[in-house]
Amino acid sequence: MNWSELTNKKKRLKGGLHIHTTLSDGHKTPEEVAEWYRNRGFDFIFITDHNKVSDFSYLCSDDFLVLNGGEFTAGRTDLGEPLHFIGLNLPPGFTPSSKSSPQDLINEMREAGAEVILAHPYWSQLSWQDIFPLEGILGLEILNYASEVAIRKGYSVVHWDDLLNRGKRLYGFAVDDSHFGIEDGGGGWIEVEAEELSLKGIMEALRNGAFFSSCGPKILEMKIKEGLVEVTTTPVVSVCFLSNLALGYCLNSPDDSITKAQFELKPRYKFVRFECEDEHHKRAWSNPVYF
Ligand SMILES: [Zn+2]
Ligand SMILES: [Zn+2]
């Protein structure tokens, strides 16, 4: 079994992982972006401008971190579009040596100390075959809020399941990709469980999968005990456990009365992840547990 328990015993930190500013094609300055997210209860953000990594340490305080990231593209799919990658914790000034190979770009970002996420698979019209060969990415964006608001291509959960079904181990990330030319802020985030609000604490939680993704509800606890996965959430109308192929189970209620659900593990399950949905049709997604 391989997974990260959510215990609700460590610090819970709300974070935005994909945000643009006026340093590339965004409409708010880094200062305005930091203020905007801080005022909405975020504890940390990564600023991920296109092809540019800047040092935002001057915007950090004891209770809010602005961390360095960047968005870079490489390769082409059969439809002629490049793949977009988010590098988290890239050094300021980072420039990749080539744009031809997605794998080379991932390797270069990782060698520079970053963790890498594949951005907006649905918006990029990627198939699972485009993603499967990539090595060294932490995961993919399962919700890119700006893509949803702009052209209804924000959700890439099917890509995620296609890959999980084929044995690829990837985390799922909800992000904004906010540019603030339209109302594309605050629609997708993660909540990490970390020892402390620090770059180290956040990067450790990301690497270990000690977080959930959300655009509304919260996952308070997720544990496995005596062959049962048990989850506790804020009030929701449904909790679904998803596994390989057609295995799975949904618990539904006409109102938002569900706060706890259990799922029995069977030997045929290769992985289990769960989603919950609140009365406003907002969802939260756990990371997979692998067997
Ligand atoms: Zn992009
Ligand atoms: Zn972007």
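The values are calculated or read from the model by the stated rules, or taken from the named source; none is laboratory data. As the structure is a prediction and not an experimental result, all values here were calculated from the model. Cβ: placed from backbone, ideal geometry, glycine included. Neighbour counts: every protein chain shown. Areas reflect the complete protein model, heavy atoms only, side chains present, ligands, DNA and RNA absent. Shrake-Rupley method; radii C 1.70, N 1.55, O 1.52, S 1.80 Å.
The table below lists the values:
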read-out	value
Residue within the stretch 95-107 that is at positive phi and surrounded by fewer than 16 Cβ atoms within 10 Å (Cβ to Cβ) present	no
Residue match in the stretch 131-140 (condition: away from ligand 1 (no atom under 13 Å from the Cβ), open to solvent by 10 Å² or more (accessible area, probe 1.4 Å), assigned to a loop (DSSP other than H, G, I, E, B) and in contact with a strand residue (DSSP E or B) (Cβ under 6 Å, 6 or more places away or on another chain))	yes
Residue in the stretch 25-32 that is within 17 Å of the chain's Cα centre (by Cα) and open to solvent by 30 Å² or more (accessible area, probe 1.4 Å) present	no
Conditions (1) within 17 Å of the chain's Cα centre (by Cα); (2) surrounded by fewer than 15 Cβ atoms within 10 Å (Cβ to Cβ); number of the one not met by Leu164	(2)
Some residue of the stretch 75-88 being of a type in the set (Ser, Thr, Tyr) and either in contact with a Lys or Arg (Cβ under 9 Å, 6 or more places away or on another chain) or assigned to a helix (DSSP H, G or I) (or both)	no
Extreme residue, surrounded by the most Cβ atoms within 10 Å (Cβ to Cβ), among residues of the stretch 236-263 that are in contact with a Pro (Cβ under 8 Å, 6 or more places away or on another chain) and in contact (Cβ under 8 Å) with a residue 24 or more places away in the chain	Val236
Only listed residue being closer than 28 Å to Pro133 by Cα, of a type in the set (Asp, Glu), surrounded by fewer than 19 Cβ atoms within 10 Å (Cβ to Cβ) and away from ligand 1 (no atom under 16 Å from the Cβ), chosen from Asp63, Asp78	Asp78
Residue pairs meeting the criteria (Cβ under 9 Å; at least 6 apart or on separate chains; first touching a residue at least 60 places away in the same chain (Cβ under 8 Å), in the stretch 101-129; second basic (Lys, Arg) and more than 12 Å from ligand 1 (Cβ to nearest atom))	Glu115/Arg207
